[in-house]
1. As an exercise, use a Förster radius of 45 Å and the Cβ-Cβ distance of residue 33 and residue 146 to find the FRET efficiency, rounded to the nearest 0.05.
2. At a 10 Å Cβ-Cβ cut-off, how would you order 209, 49, 17, fewest neighbours first?
3. Taking R0 as 41 Å, what FRET efficiency do you get between residue 156 and residue 200 from their Cβ-Cβ distance, rounded to the nearest 0.05?
4. Scan around residue 55 for amide H atoms under 5 Å from its own, H built in the peptide plane at 1.01 Å from N, and keep only partners 5 or more places away or cross-chain.
5. Below 8 Å between Cα atoms, with a sequence gap of 6+, how large is the relative contact order for the chain in percent?
6. In the chain, what percentage of the DSSP-assigned beta bridges are antiparallel, given to the nearest 5?
7. Could you work out how far apart the two model spin labels at residue 211 and residue 182 are, taking each label as a point 7 Å from the Cα in the direction of the beta carbon, and quote it in nm?
8. Count charges around residue 93 for me, please; just the other residues with Cβ under 12 Å from its Cβ, Lys/Arg as +1, Asp/Glu as -1.
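The numbers here are math on the coordinates, done by the rules we state, and not lab data. Note that the structure is predicted; figures quoted are calculated from it, not measured. So basically every Cβ, Gly included, is an ideal-geometry build from the backbone, and we count neighbours across all protein chains shown.
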Amino acid sequence: MTLDAIHGVDTKRVVAYMRVSTDEQRESRAGLEAQRAAILSECERRGWYLVDLIEDAGYSAKDLKRPGVQAALDALRDGRADALVVAKLDRLSRSMLDFASIMATAQKQHWGLIALDCAVDTTTPAGEAMANVLATFAQFERRLISQRTKDALAAKKAQGVRLGRPRQLPPDVIDRIVAERRDGKTLSAIANLLTEEGVSTAQGGKRWYASTVRAVLQSARSSEEQANAQ
């Protein structure tokens, strides 16, 4: 099957990819369902055959070390699909280097890359140029945000402001989390247990997430290391 007629003459086999960054978004699934709806609607409109719909829930787009995106790339490499479809370009990658790598792979393996939010279609010269432009600006924006954050933190530090969120959890809750982790419980299991028992988070929230538990453990580990160093 060729990559010629993306707008409806030939049936195109596509593998779809979706992603959300945080554990909270993974739990709510609102973002994933919005991406799914957009992809399914476009598949129906254009007559594409959806081979698989793969997701990475709770993963950043800073690199390609994500199980879902690797599974999608494997399907394309093995010839099980003709194109990779994403609802939004930044769901796939925010790194220009990674995006360029994906496009190079697509060209080498003869499959297309389609982003519905910006009409990217790497099977055409214009679409490929647009993909490069958009990915460049995405990377530029990310670096600007990072630089602004660093500048703001440096300014606060120069003013003598203590950086970092103050720990507000009672010591017994922290000790319990550490103990549960040492007993082999997963981050999600600890989070579910604390939520079920109505234990408040450091910010007064009623629901715990794996990322919240991880932050407590990292803070406790850091405090222990500092104490041992003194």
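1. So, using R0 = 45 Å, E works out to roughly 0.90.
2. 49, 209, 17
3. After rounding to 0.05, the efficiency reads 0.90.
4. Distant-sequence amide H within range of residue 55: 18.
5. 15 percent
6. Percentage antiparallel, nearest 5: 10.
7. Calculated label separation equals 2.8 nm.
8. Around residue 93, the surrounding residues sum to +4.
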